[in-house]
Every structure is written in structure tokens, then in C-alpha cells.
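First up is the structure itself, then whatever we jot down about it.
The values are calculated or read from the model by the stated rules, or taken from the named source; none is laboratory data. The structure presented is a predicted model; accordingly, all values stated were derived computationally and were not measured. Reconstructed Cβ throughout: ideal geometry from the backbone, glycine too, with neighbour counts over all protein chains shown.
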Amino acid sequence: MNVNRKVQTLDEFTIQQLRDFPQATGELSHLLRNIGLAAKRVNTEVNKAGLVDILGDFGTVNVQGEEVKKLDIYANDQFTGVLKHGIACAGIASEELDDFVAFDDAKSAKSKYVCLFDPLDGSSNIDVNVSIGTIFGVYRRKTEVGTVVTQEDFLQPGNQQVAAGYIVYGSSTMLVYATRRGVNGFTLDPSIGEWTLSHPDIKCPETGKIYSVNHGNFFQYEKAIQDYIQICQKKDKTNGGPYTQRYIGSMVSDVHRNLIKGGIFMYPGTIDKPKGKLRLLYECNPFAFIVTVAGGKATNGKENILDIQPTELHQRSPMFIGSTQMMEELETYL
Ligand code: AHG
Ligand code: MN
Ligand code: MN
């Protein structure tokens with residue numbers, strides 16, 4: 001029989017990592033396993049989006065003032081439910097919920113981690129069959145284990161994350177997660193329903209040729225950013241170009257591509273929305289952690305995203321993220 005011994009599943013990988021840390025309790029591996037489980041369920045629904053009545057507007061408006069699609073709610077319920085019923089998460093905060101949820105059952109209260117997530121990112125792309133994703137960040141709680149979590153556990157700067165990751169529901173489905181030790185990517189093998197290590201030890205190339213920004217907002221950006229975008233457009237082979245512009249409108253897919261190929265992704269503030277659109281806790285912080293561990297950089301234009309002390313759950317932040325050399329060039333304009 002021909003057995004492919006190269007295949008390593010997400011569970012095998014996290015258990016193997018545990019062996020290097022005899023003091024580890026396995027709680028984080030358990031939490032990642034739960035996220036992988038919820039993501040498989042969401043993936044199944046996403047794949048059916050064109051078929052079933054689940055597609056379309058849910059008709060309500062979320063706390064961000066945006067219209068909510070049914071799949072956002074489905075994904076939110078799956079991640080919340082799976083983490084609540086697991087034994088490794090004491091509470092969650094989600095882009096789709098006004099407030100955090102403290103899991104007050106005895107086993108959850110004994111857990112040391114909280115998880116913050118954007119259950120479905122890029123949801124305007126669902127009904128046109130374009131890649132979407134999930135983003136999550138995991139923090140060690142500040143309050144004492146055994147008690148019920150409070151807002152303080154969720155309002156931590158991104159540099160306190162112990163792990164962060166995303167799932168991209170794309171031409172294949174991938175789960176990528178980072179701990180301080182590195183970034184690893186797992187592709188879902190649909191034939192066996194397992195996350196399989198396909199992208200070990202991902203490193204963000206030091207430079208690249210892709211820039212990603214919503215050009216429709218160009219005249220809403222401050223002059224320094226307009227200048228940098230024009231520099232991207234003027235690059236030729238004498239100065240590292242030509243650059244190419246790629247913008248899907250699902251941050252997960254845009255940053256994933258740039259992480260693999262090298263590039264820069266920008267969601268600056270605009271005249272109408274000086275803090276931009278992206279949410280610090282659910283979108284910016286997890287990606288800033290992942291890309292930083294992979295060797296890249298992330299700022300809000302003034303300071304490192306990971307050093308921002310959040311003051312509210314749903315706060316927004318401008319975001320610039322990507323390959324170090326491209327970020328450094330941008331910084332000379334800011
Ligand atoms: P969400 O679907 O969770 O609301 O997030 C969508 C976000 C992000 O994924 C993407 O980069 C950005 O919105 C696109 O915004 P614009 O259409 O304004 O460019
Ligand atoms: Mn989002
Ligand atoms: Mn969302």
C-alpha cells in the first residue's frame with residue numbers, strides 16, 4: 001500500500017509542538033482544534049452559498065451600521081457555539097455582537113484564553129462567489145482563572161496575543177495560524193475533512209510587487225498616501241517595479257496573497273472616516289500579529305498596530321501591512 005507519510009494534520013502538528021513544551025497544558029491546541037472545527041462547518045455552508053436560501057441579506061444592521069448577511073450570523077453562531085462548548089475558551093468578542101460574551105459555565109470559567117473574531121470577512125463578496133474568510137486572535141485573560149471574564153480581558157493590545165490566524169474560503173480552504181514560534185498554513189483536504197500542513201513556516205517576502213488599496217477612495221486619502229500610491233504606479237524596473245495592483249475587497253484574501261507573494265495592503269483613513277473601516281480587535285490585530293511573526297510589518301501610519309491600547313471593542317483603525325521594505329518606503333511618505 002502506498003501511504004503518503006508527508007501528510008501532517010493540524011492535530012498532529014499542534015501535539016508535536018506541545019512535546020517541545022512539557023509545561024504546556026494543551027489548552028491552546030484544543031482551542032485551535034475548535035476553531036478548525038467551526039471553520040469546517042462554515043466552509044460547508046459557504047460552498048453551498050449559491051444554492052440555498054441562506055444567501056442574501058439577513059435584513060438586520062450590525063453594530064457597525066452595516067447590513068448583515070445570513071452567513072455572517074451562521075458563522076458567528078458556529079464559532080461562538082463551538083468555543084462555548086469546548087473547554088479552552090472563557091469568552092469571546094465578535095464583530096457581529098454588540099458586547100463580549102462571557103462563558104459562565106464552570107468549565108469555561110476555568111479556561112485561560114479569550115478569543116476575538118470577525119466570523120465572516122469580505123461578506124459583500126459572498127453573493128458573487130469571491131473568496132471570503134474568518135479572522136481570529138487569542139489572548140491570555142487578565143482576570144483570574146475560575147472567575148467570569150470582563151471587558152478588561154478583551155481590551156488588550158495586539159502584542160499580547162498568544163496566537164492569531166485566519167481561514168480563507170477560496171479556491172481551496174486554508175487555515176493559517178501564528179504563535180510567537182512561527183506561522184503555518186493548513187489546507188483542508190475535502191476528501192478526508194482534515195486540515196493538512198501545506199505551508200510550513202510561512203515567511204513574508206522582504207519585498208514584493210503587489211500593492212492593494214481601494215483606488216475608488218483615492219481623492220479621500222491624505223496627500224502623503226496619494227503620493228505613495230502614485231509612486232507605486234510609477235515604479236519601473238530601475239526601482240523595483242513595475243508594481244501591480246490587486247484588491248479583492250476581502251481583507252483575508254488580499255493579505256493572504258501578499259503574505260505569500262510579498263506586497264503591501266493599505267486601508268487608510270478617509271475624509272469621511274478618518275479611522276478607516278477596519279476593526280482594530282477583529283481584523284487589524286490578528287493580521288498584524290501574523291505578518292509580524294512572518295517577518296513583515298503593520299502600522300496605523302503612526303505607530304505599530306500591535307502597540308495600540310484599545311479603548312473600545314469595536315474601534316476602527318487605519319491599516320498598512322506587508323513586506324518590510326515596502327512598508328519602510330511607505331513610511332518615508334507618511
Ligand atoms: P466585513 O465583511 O467583515 O465587514 O469586512 C470587509 C472589509 C475587509 O475585508 C475589506 O478589506 C474591506 O472591508 C473592503 O472595504 P472597501 O469595499 O471599502 O474597499
Ligand atoms: Mn471583516
Ligand atoms: Mn465580518
For this session: Would you be able to tell me the number of residues in region 174-220 that are under 15 Å from V291 (Cα atoms), part of a strand (DSSP E or B) and in contact (Cβ under 8 Å) with a residue 24 or more places away in the chain?
Result: 9
Exercise. Do any residues in region 72-84 that are more than 19 Å from Y113 (Cβ to Cβ) have Cβ atoms under 9 Å from those of residues that are more than 16 Å from ligand 3 (Cβ to nearest atom), where the two are at least six apart or on different chains, and which pairs are they?
Worked result: Y74/R41; A75/R41
For this session: Tell me, please, whether a residue that is more than 16 Å from ligand 2 (Cβ to nearest atom) and out of contact with any helix residue (DSSP H, G or I) (no Cβ under 9 Å at 6 or more places or on another chain) can be found in region 242-252.
Result: yes
Seminar exercise, completed: If we ask which residues in region 222-270 are farther than 12 Å from K209 by Cα and not in a helix (DSSP H, G or I), their number turns out to be 10
Exercise. Quick check: is even one residue across region 158-179 surrounded by 15 or more Cβ atoms within 10 Å (Cβ to Cβ) and more than 24 Å from I202 (Cα to Cα)?
Worked result: no
Problem set entry | T173 under 21 Å from L32 (Cα atoms) and more than 16 Å from ligand 3 (Cβ to nearest atom) | yes
Seminar exercise, completed: Residue pairs qualifying under the 8 Å Cβ cut-off, at least six apart or on distinct chains, with the first in region 240-255 being outside the structural domain of Q230 (by TED's automatic domain parsing) and the second being within 7 Å of ligand 1 (Cβ to nearest atom), are none
Problem set entry | Residue within region 109-116 that is within 16 Å of ligand 1 (Cβ to nearest atom), in the same structural domain as F154 (by TED's automatic domain parsing) and either of a type in the set (D, E) or crowded, with 24+ Cβ neighbours inside 10 Å (or both) present | yes
Seminar exercise, completed: S171: passes all of (1) modelled with pLDDT of 95 or more; (2) farther than 27 Å from S111 by Cβ but (1)
Problem set entry | Matching residues in region 127-150 - criterion: being farther than 23 Å from C284 by Cβ and within 16 Å of ligand 1 (Cβ to nearest atom) | D127, V128, N129
Exercise. In region 234-248, is there at least one residue being crowded, with 24+ Cβ neighbours inside 10 Å and within 16 Å of ligand 3 (Cβ to nearest atom)?
Worked result: no
